[in-house]
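These notes are about the structure you will find just below.
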Amino acid sequence: MNSRKALAIVDATLRNAGFVPAGAGPADYDGQIKVHGKPVDVSLSIPDMRFATRPRIMLKDRTQIPVETLAHVEEETGICYASGAGLPLDLYQPGEAILRVLEEASSTLELSYRGKGRAELIDEYQAYWKSDLTVRCMLPRDQVEDGRRATLFFAKLQGKAEFLCISDEAKLRGYEAAFPRTVEFWRTEKLVGPVGIMMAPRTLADLKRWLEGHADLSRDWPRLVQFLCADNYLFISAPNALLGLSMNLPSDLKYAMLKGKIRQQALLGIAERLAAKITLDRYSGRWSSLIDVTSRNNQSETSLQQKSIALIGCGTIGSNLARMLVQTGAGNCKTLSLFDNEVLALGNIGRHLLGFSDIGKPKASAVAAELERFHPQVRVAAYEQDAFEHFDLLAKHDLVIDATGAWNVQSAINEWFLDSPAIQTSALLHAWVFMNGAGVQSFLNLKDDFGCFRCLKPVFDGPWRFPVGDEKDEWNLQPATCGEGSFIPFTVDAPMMAASVTTRAALDWANGDPGARLRSVVVDLRRGRAQVPRFPKPSKSCPACASRRASA
């Protein structure tokens, strides 16, 4: 539907509902909606007839809704009628869509009359704090105790201030630290919110009343005033918000302090007398540690935080897999070790995590640097040598992942794992792309009653037992050119899928429920061969494990 026709339908719909054109825009209207049985004046602005940008509804007179706490109101008068998931609207039925918007706005305001307004406002209290700046707290949320001191500073990149940061010290990998200040945390296990009609404190006097309104935050007020007068910051950690503030002393008072003309005891009295005039700067904190970032999407299951992982191969599968592993907790509490003895070539970047600026760099170190760029707290170690030169180091990891997709490496690492009983490594996980990108597979070896990697193809010149593609297809091996080695072309989705299915297998293992050991995904629907998830039984002709099992 074209916008002119949609506008005509919306105009007719709104006029029929008692709205009249108003404002500068072609779709700005004034009218009324019913809230708790009474009409409330609102203005409506529709910036986009396709509804990709949602219509905005503003209260004309807030006093028409005489409730103490009015939830879901943005910038004092804008009605937040759609949740974070949004409000689906049918662009092909614009009249019905705009009526639904009005209905949702009315229902949203009605929440305050049902006694739900305050509860919903408290849930979103961080947004109502109206902060001046956002601060990234690099301390893990669960480790911030009441009274803990930390350092707030500007994190700068190439001389430019990027963001405010809180850490144990004025240091963050990859950034310069400037203008450090002391922070003290007050922690409460109770929800924080407005006090009376005061949404958030604006002055020192407001702060005193706001703190008194939260019994769990009743502390030594004179000590707090002295702390803030010394150009320090207070942050309040609550279940529903991380809120910060600092104090703006009058310039003449600051000058007198710098000159030493005011004693500390006198300063406290002066600050108390001027409390109604001393303004505050408010800050909205964000829990930004690697633990908090990676646990956000893994709340219902164990992440990889407590597992030490060695990843062999930082190529097309390994580079993307490394990023996914970190995003699910690897490299957080324990080190993620990367092994690769090759450098990134121009031909690699078409399906690699890394790009043009990393050409010629060792893959292991370049991927490690990219992970550190993703988050400065990640614990990653890069080894630019063959992994087989570090068997002693591999053995110190809980999980070893082979992402090379190279038969010789796969077989050799399988042999090492089977032949090394007294090692910390309890799981070996393989990932590979099958037959010119027809499909991908991952295989988990726990040295249990199921098969090993060579059980999947026990006869060297024989077939795979569970192929995810047709082995009769000829290898699409392209010859070496321009100083680069030969390669098999397949699209970027194949290694991404291999990395994804391997990440899932690693998470299942970490959760204590490893599930199917062989997982297969068809990439090319024309050439792939579907395989159900399997628990492969040992092959009696396996050269790697058959004799070991017979002698066991």
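The values are calculated or read from the model by the stated rules, or taken from the named source; none is laboratory data. Quantities reported herein were computed from a predicted structural model and do not represent experimental measurements. Cβ: placed from backbone, ideal geometry, glycine included. Neighbour counts: every protein chain shown.
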Report task. Pick out the one residue from Ala403, Ala387, Ala412 that is in contact with a Gly (Cβ under 6 Å, 6 or more places away or on another chain) and closer than 28 Å to Lys457 by Cα. Result -> Ala403
Report summary line: Log entry, pairs with first residue in the range 377-397 being without any contact (Cβ under 8 Å) to a residue 40 or more places away in the chain, second being small (Gly, Ala, Ser) and not in a loop (DSSP other than H, G, I, E, B), beta carbons closer than 9 Å, six or more apart or on different chains, reads Phe388/Ala412
Requested in this report: Test Arg504 against the stated conditions and say whether it is of a type in the set (Lys, Arg) and under 23 Å from Glu471 (Cα atoms).
Outcome: no
Query raised in the report: Just wondering, is there one or more residues in the range 452-474 that are at pLDDT 95 or above and within 19 Å of Gly331 (Cβ to Cβ)?
Result: no
**Report entry** Residues within the range 330-361 that are under 25 Å from Leu290 (Cα atoms) and in a strand (DSSP E or B), tallied
**Finding:** 4
Query raised in the report: Which of the residues spanning the range 498-552 are more than 33 Å from the chain's Cα centre (by Cα) and not in a loop (DSSP other than H, G, I, E, B)?
Result: Gly528, Ala546, Ser547, Arg548, Arg549, Ala550, Ser551
Query - Selection count where residues are in contact (Cβ under 8 Å) with a residue 24 or more places away in the chain, of a type outside the set (Phe, Trp, Tyr) and not in a helix (DSSP H, G or I), scope the range 407-443 - result: 19
Report summary line: Taking the range 126-152 and keeping residues in a loop (DSSP other than H, G, I, E, B) and within 22 Å of Ala200 (Cβ to Cβ) leaves Trp129, Lys130, Ser131, Asp132, Val144, Asp146
**Report entry** Members of the range 195-221 that are out of contact with any Gly (no Cβ under 8 Å at 6 or more places or on another chain), of a type outside the set (D, E, K, R) and at pLDDT 90 or above
**Finding:** Ala200, Pro201, Thr203, Leu204, Ala205, Leu207, Trp210, Leu211, His214, Ala215, Leu217, Trp221
Requested in this report: Would you check which residues across the range 1-50 are outside any helix (DSSP H, G or I) and among the hydroxyl-bearing types (Ser, Thr, Tyr) and list them?
Outcome: Tyr29, Ser43, Ser45
Report task. Return the only residue of Ala178, Ala238 being at pLDDT 95 or above, surrounded by fewer than 16 Cβ atoms within 10 Å (Cβ to Cβ), among the small types (Gly, Ala, Ser) and over 25 Å from Leu274 (Cβ atoms). Result -> Ala178
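Scan the range 64-82 for residues that are in a loop (DSSP other than H, G, I, E, B) and either at pLDDT below 65 or within 18 Å of Gly196 (Cα to Cα) (or both) and report the count.
Qualifying residue count, the range 64-82: 11.
Go through the residues of the range 457-468 one by one and say whether even a single one is among the basic types (Lys, Arg), surrounded by 21 or more Cβ atoms within 10 Å (Cβ to Cβ) and more than 20 Å from Leu393 (Cα to Cα).
Taking the range 457-468 first, the residues among the basic types (Lys, Arg) are 457, 465.
Of the ones still in play, those that are also surrounded by 21 or more Cβ atoms within 10 Å (Cβ to Cβ) are none.
For the range 457-468, residues among the basic types (Lys, Arg), surrounded by 21 or more Cβ atoms within 10 Å (Cβ to Cβ) and more than 20 Å from Leu393 (Cα to Cα): absent.
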